[in-house]
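Written out below as structure tokens is the structure these notes cover.
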Number of protein chains: 2
Amino acid sequence: MGSSTQNGVVDKGVDFANYFCTYGFLYHQKEMLCDRVRMDAYYNSIFKNKHHFEGKVVLDVGTGSGILAIWSAQAGARKVYAVEATKMAEHAAELVKSNELQHVVEVIEGTMEDITLPEKVDVIISEWMGYFLLRESMLDSVLCARDRWLKPNGVMYPSHARMWLAPIKSTLVDQKMNDFEGSMDDWYCFIDDTKNYYGVDMSALTKPFTHEQKKYYLQTSIWNNLHPNQVIGTPVIIKEIDCLTTTVDDISNVRASVSSSITEENARLAGIAGWFDVHFRGSSENPAQNEIELNTGPNEDSGTHWGQQVFLLHPPPRVQRGDDLKFNFSMIRSKENHRLMEVDLDIEIKQSSGKLLPQVRNKFFIE
Amino acid sequence: MGSSTQNGVVDKGVDFANYFCTYGFLYHQKEMLCDRVRMDAYYNSIFKNKHHFEGKVVLDVGTGSGILAIWSAQAGARKVYAVEATKMAEHAAELVKSNELQHVVEVIEGTMEDITLPEKVDVIISEWMGYFLLRESMLDSVLCARDRWLKPNGVMYPSHARMWLAPIKSTLVDQKMNDFEGSMDDWYCFIDDTKNYYGVDMSALTKPFTHEQKKYYLQTSIWNNLHPNQVIGTPVIIKEIDCLTTTVDDISNVRASVSSSITEENARLAGIAGWFDVHFRGSSENPAQNEIELNTGPNEDSGTHWGQQVFLLHPPPRVQRGDDLKFNFSMIRSKENHRLMEVDLDIEIKQSSGKLLPQVRNKFFIE
Ligand SMILES: Nc1ncnc2c1ncn2[C@@H]1O[C@H](CSCC[C@H](N)C(=O)O)[C@@H](O)[C@H]1O
Ligand SMILES: Nc1ncnc2c1ncn2[C@@H]1O[C@H](CSCC[C@H](N)C(=O)O)[C@@H](O)[C@H]1O
């Protein structure tokens, strides 16, 4: 119960309650529409590659407010199918009309998996990326659309995606360790009070409570917009995705063994940050005229609403320039909710002196 | 979609995703266990009325951590059935065991509606109250248990409940009106930017966005622990419930026409506050030896985790001592989620001079 998948089949009502509901609010759509890095990337990807749109049939998977569909039409598309699961579809239709594009853009309310298009399409455009790229598992819906509706030489917007990891320094780890300890101090008072005032011994729950709070404060990845100088070692790629060929299997289980070297003189390894970039390159048969990148890594001038996901190490080990970190990374979907993720991250530190510190195993949740 | 009821039938998966999920956290159970007003009331209701428990069979509907079941056993119950829908049942069972009551308390994991007991019971105890009494609609489950399992002369704990309204003064209304205006100012900048930078006119969405934000900031009732001196008129009862005889129909639709007089010299009527009390009186055949009250109204010394629900009036009218307020109150369940409420509250002010101000109709959401 409380599970969105039963034998791998997603319960639709539960998926709406857990996931789609937030996208029904204009407030939430506006947050995405105010992300200038995101907006510029999609805008440029379309208007600097008009040859991909002029006279073409476009499918926008998850059109939300309709923005990508409208741009596609403005760039000269002959027809745009704009599919949206939530009631936001009605607002998208209004917007299409008030921008006088109703002869080009057809808004369809429904989930991509359920609806039928009258024809195949030349371009699939979608903004499907969640935190650390794959949270939300919305790429599944885009791949489903691709396999059913994309013409043989069709193009994907974006065409490629990559996931990154990098060692960081941060005081977040101290905050969260403090919060955790504060919560445990509270708990022990509570145990005493409940015994003294109400005659019930609650100490049998100390272990599961500790577990619950540790998960909450220390094992759940944290949204953060990092400053580039918080990155203390070389960023490494842990996954590359070609949106034209990847499969749900390929993205359901991400594994990588990679190494990063510490570049900072002397620092505390407070955690590992994860982020992504995507590229708009078209395909080899049908390349972009101007390649566009959308990068959500640490950036001094401009953050994105995705920020980075931080996986805290507690207590944080000290590291020095030249130390080598070996990551064994694995990410799978949560059994209770296929749109959330569970990460195993084993870290081995080989000091520049040659000394090997014992491997530390970490378990994290992307909630 | 996103609805927990389909033709009045509750989708269980959705109900777990929307409602039960939070009760699966010890952190949340602890918040209730730390509410001293709540704990004292239940504790006293049991231990000052041991005659209702000694040698009796008790059913605890929604046992959570198991606290009420354990107290019932400690007060001398022969058998306690402790029913809990979430995984919290496992922790309750641990707690029962570590308090050495496993021969009396039987924890059953399941929803009250689905499970079967081996016998009828003398007492049904439950802490089913949500914000403003009826939010969460959990009383339904208690009534279902009563109709199936309570012996003819059985007792309900609590036995009675009442809902209250009172006019209040508060600066919350200024805060929320400010927040709303700030959000709208932001929106107009966003409209300009999106037109200028990205060539899309979003102004068709201004109306639905205003509607959405107004609902969020001004029409959603607000949790607050009021000071008694914020109450500026006579509190009035809008609903009395006898837990032994009430029905789901009776509580699904609460209607009242009541009057309150302003007691404050001169004030701004910032809103109407709603709260509840419950009583432990037993039944007429089987009365309590010591009546206990749990009151969640404004209190100088001790708040409860329920606080009060505030329904804001914007802009707040000025009122004076002796003015009469006539409330036409109606509360129904939300069509999308039967555990949330929609309130219509029409207010007429008859000034002490005799002048009648035009009736103001207000719509609120208890989310
Ligand atoms: N399987 C599916 N079918 C239809 N819509 C989907 C979907 N999965 C996600 N969505 C929708 O996809 C949107 C992703 S957010 C992106 C919105 C818009 N394209 C923009 O770039 O601003 C949400 O509105 C969500 O409701
Ligand atoms: N229909 C139902 N069947 C079983 N449990 C239910 C239920 N409806 C609500 N509950 C449970 O009832 C509890 C209400 S909170 C009260 C917990 C506990 N009795 C205490 O007083 O501290 C929650 O744990 C919730 O999961």
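We did not get these values from a lab; they are worked out from the coordinates using the rules stated. Since the structure is predicted, the reported quantities are computational estimates derived from the model, not experimental observations. All Cβ positions, even for glycine, are placed from backbone atoms using ideal geometry, and neighbour counts span all protein chains on display.
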Checklist entry - Sorted from fewest to most neighbouring beta carbons within 10 Å, what does the list B:247, A:86, B:296 look like? => result B:247, A:86, B:296
Checklist outcome for this item: So for R0 = 30 Å, FRET eff. of residue B:253-residue B:87 from the Cβ-Cβ r, to 0.05, ends up at 0.35
Item to check | Spacing of the two label points (7 Å from each Cα toward its C-beta) at residue B:365 and residue B:181, in nm | outcome: 2.4
Checklist outcome for this item: One decimal, nm, nearest first: from residue B:248 to the same residue in each other copy, label points 7 Å out along Cα→Cβ, the values are 3.5
Next on the checklist: Within 10 Å, Cβ to Cβ, of residue B:152, how many net charges do the neighbouring residues add up to if Lys/Arg are +1 and Asp/Glu are -1?
Outcome noted: +1
Item to check | segment B:34-67-segment A:4-71 distance, computed between alpha-carbon centres (Å) | outcome: 51
Checklist entry - With Cβ to Cβ distances under 14 Å as the rule, what net charge do the other residues near residue A:260 carry (K, R +1; D, E -1)? => result -1
Checklist outcome for this item: With the label set 7 Å along Cα→Cβ, residue B:185 is separated from its counterparts in the other copies, in nm and shortest first, by 3.9
Checklist outcome for this item: A correct fewest-to-most ranking of A:125, A:366, A:332 by other Cβ atoms within 10 Å would be A:332, A:366, A:125
Checklist entry - Between residue B:346 and residue B:31, what is the label-to-label distance in nm when each label sits 7 Å out along the Cα-to-Cβ direction? => result 3.6
Checklist entry - For the pair residue A:195 and residue A:174, what calculated FRET efficiency results from E = 1/(1 + (r/R0)^6), where r is the Cβ-Cβ distance and R0 = 35 Å, to the nearest 0.05? => result 0.65
Checklist entry - Using the count of nearby Cβ atoms within 10 Å as a rough guide to exposure, how do A:81, A:23 rank from fewest to most? => result A:23, A:81
Next on the checklist: Please give the Cα centre distance for segment B:213-228 versus segment B:308-331, rounded to the nearest Å.
Outcome noted: 14
Item to check | Long-range Cα-Cα pairs in chain B (distance over 37 Å), rounded percent | outcome: 29
Checklist outcome for this item: With the 8 Å Cα cutoff and a minimum separation of six or more residues, segment A:212-279 has a relative contact order in percent of 36
Next on the checklist: I need to check one value: relative contact order of chain B, counting alpha carbon pairs closer than 8 Å and at least 6 residues apart, in percent.
Outcome noted: 17
Next on the checklist: Return the chain A residue and its Cβ-to-axis distance, rounded to the nearest Å, for the rotation relating A to B.
Outcome noted: A:17, 2
Checklist entry - Mean residue ellipticity at 222 nm from the helices of the protein assembly as shown, using -39,500 (n - 2.57) per DSSP H segment of n ≥ 4 over the full residue count, to the nearest 500 deg cm²/dmol? => result -7500 deg cm²/dmol
Checklist entry - Could the peptides B:347-360, B:253-266, B:139-152 be put in order, highest first, of the mean number of other beta-carbon atoms found within 10 Å of their residues? => result B:139-152, B:253-266, B:347-360
Next on the checklist: Straight-line reach only, C-alpha to C-alpha below 17 angstrom: list the lysines that residue A:79 could link to, leaving out same-chain residues fewer than 8 apart.
Outcome noted: A:50, A:56, A:97, A:120, A:151
Checklist entry - Which of the lysines could a cross-linker span from residue B:169 if the Cα-Cα distance has to be under 24 Å and same-chain partners fewer than 8 positions apart are dropped? => result B:214, B:215, B:239, B:326, B:350, B:355, B:363
Item to check | Summed residue charge, Cβ within 13 Å of residue A:92's Cβ, Lys/Arg positive, Asp/Glu negative | outcome: -4
Checklist outcome for this item: Kirkwood Rh over alpha-carbon pairs of segment A:7-105 plugged into Stokes-Einstein at 4 °C, 1.567 mPa s gives a D in µm²/s of 90
Checklist entry - How many nanometers, to one decimal and shortest first, lie between the label point of residue B:114 and those of its other copies, if labels sit 7 Å from Cα toward Cβ? => result 2.4
